[in-house]
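Below is one structure, written out as structure tokens; the observations come after it.
The values are calculated or read from the model by the stated rules, or taken from the named source; none is laboratory data. On a predicted model such as this, the values are computed, not experimentally measured, just so you know. In this analysis, Cβ positions are derived from the backbone assuming ideal geometry, glycine residues included, and neighbour counts consider all displayed protein chains. Side chains included, ligands, DNA and RNA excluded: accessible areas come from the protein's heavy atoms. Shrake-Rupley method; radii C 1.70, N 1.55, O 1.52, S 1.80 Å.
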Amino acid sequence: MKGSRIILTGASEGIGRALALALAARGARLALAARDRDRLESLAQQCRAAGGEAIAVPTDVTSQQDLEWLVAETVKSFGGVDVVVHNAGITMWSRFDALQDLSIFERLMDVNYLAPVRLTALALPHLRASRGLIVAVASLAGLTGVPERSAYAGSKHAMVGFFDSLRIELAGSGVDVTVVAPDFVVSEIHKRAIGPDGEPLGTSPMQQSKLMTAPECARQIARAMEKRQRQLLMSTRGKLGMWLKLLAPGIIDRIAAKAIRQRH
């Protein structure tokens with residue numbers, strides 16, 4: 001990753017922040033994107049102190065204009081793009097039959113699926129030129145159904161399907177695609193999960209002490225990026241789940257239901 005020119009969305013907190021610091025320690029040149037300017041500026045300073053280069057580019061990933069600006073600023077500052085990490089995301093927590101506003105589905109699709117599609121379209125010419133890498137930070141919920149997370153799982157399934165398809169189209173171009181499917185990770189995203197009334201929960205419904213830490217998640221992602229790995233599954237249940245889904249899908253349903261009941 002030393003010297004790599006990397007666009008990282010959702011960089012201001014959680015997995016994104018931890019990944020920015022991990023990549024900076026490897027000497028990466030980072031374009032940090034998120035909505036919070038102050039957090040981005042603070043993080044950029046920390047990345048420089050860790051040994052990398054960094055610029056803060058305040059970005060709303062649902063804005064086409066902001067995404068165009070993000071790519072332009074990266075190219076202006078670093079001369080190109082080697083890696084795009086699609087990490088920005090939002091989530092929800094509610095049974096489908098309890099939802100009061102189905103626009104939640106549109107909001108999650110816009111951030112979790114359509115934003116990465118739009119940013120990929122803008123960055124792809126630069127990635128072709130550098131024979132670069134696309135990293136899609138999805139979720140285990142993008143590989144199997146998860147109760148009370150229907151809108152989130154649907155958006156992440158779309159994300160995984162798109163990038164798996166794009167990987168095939170890009171074969172021979174020099175551009176690789178890494179799909180990351182974390183299990184539950186300690187992050188602010190859980191506190192902002194959209195509830196049945198369309199408003200953020202305000203507190204995390206998860207047992208934080210039993211979740212993977214963001215720095216450990218970031219360490220694994222950075223290593224997968226260095227290897228240009230096709231897919232990264234981070235938990236034992238995630239790895240076993242892919243086989244069980246083929247052989248005994250009913251068991252996977254029960255495992256997913258249990259994980260939500262136990263909140264970890």
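Out of everything in the stretch 128-157 that is in a helix (DSSP H, G or I) and among the aliphatic types (A, V, I, L, M), what residue ends up being surrounded by the fewest Cβ atoms within 10 Å (Cβ to Cβ)? The selected residue is Ala129. The single condition among (1) buried (at least 18 other Cβ atoms within 10 Å of the Cβ); (2) in contact (Cβ under 8 Å) with a residue 60 or more places away in the chain; (3) outside any helix (DSSP H, G or I) that Ile104 does not meet is (3).
Filtering the stretch 24-45 to residues that are touching a Ser or Thr at 6+ places or on another chain (Cβ under 6 Å) and over 10 Å from Ile6 (Cβ atoms) leaves Ala33, Ala34, Asp36, Arg39, Leu40.
Taking the criterion of being of a type in the set (Lys, Arg) and modelled with pLDDT under 85, the residues of the stretch 163-192 that qualify are Lys191, Arg192. Just one residue in the set Gly202, Gly195 is under 22 Å from Leu99 (Cβ atoms), open to solvent by less than 30 Å² (accessible area, probe 1.4 Å), modelled with pLDDT under 95 and out of contact with any helix residue (DSSP H, G or I) (no Cβ under 6 Å at 6 or more places or on another chain); that residue is Gly195.
Every condition in (1) open to solvent by 10 Å² or more (accessible area, probe 1.4 Å); (2) under 18 Å from the mean Cα position of the chain (by Cα); (3) farther than 14 Å from Ile7 by Cα holds for Arg118 except the one numbered (3). Residue count for the stretch 50-71, restricted to those that are out of contact with any strand residue (DSSP E or B) (no Cβ under 6 Å at 6 or more places or on another chain), open to solvent by 80 Å² or more (accessible area, probe 1.4 Å), under 17 Å from Arg5 (Cα atoms) and free of Cβ contacts under 8 Å to residues at least 40 places away in the same chain: 1. Scanning the stretch 78-101 for residues that are in contact with an Asp or Glu (Cβ under 8 Å, 6 or more places away or on another chain) and either under 24 Å from Ala31 (Cα atoms) or open to solvent by 60 Å² or more (accessible area, probe 1.4 Å) (or both) gives Phe78, Arg95, Gln100, Asp101. Within the stretch 31-47, track down each residue that is surrounded by fewer than 14 Cβ atoms within 10 Å (Cβ to Cβ) and within 17 Å of Glu73 (Cβ to Cβ). Within the stretch 31-47, just Arg37 meets the criteria.
For the stretch 99-109, indicate whether the set of residues that are among the hydroxyl-bearing types (Ser, Thr, Tyr) and farther than 26 Å from Gly195 by Cα is non-empty. Checked the stretch 99-109: no residue is among the hydroxyl-bearing types (Ser, Thr, Tyr) and farther than 26 Å from Gly195 by Cα. Inside the stretch 108-162, residues that are touching a helix residue (DSSP H, G or I) at 6+ places or on another chain (Cβ under 8 Å), at pLDDT 95 or above and not aliphatic (A, V, I, L, M) make up a count of 12. I'd like to know if the stretch 57-68 contains one or more residues that are polar (S, T, N, Q), outside any loop (DSSP other than H, G, I, E, B) and in contact with a helix residue (DSSP H, G or I) (Cβ under 7 Å, 6 or more places away or on another chain). Checked against the condition, which is being polar (S, T, N, Q), outside any loop (DSSP other than H, G, I, E, B) and in contact with a helix residue (DSSP H, G or I) (Cβ under 7 Å, 6 or more places away or on another chain), the stretch 57-68 yields at least one hit.
For Thr62, the conditions (1) touching an Asp or Glu at 6+ places or on another chain (Cβ under 8 Å); (2) modelled with pLDDT under 95; (3) on the phi < 0 side of the Ramachandran plot all hold with the exception of (2).
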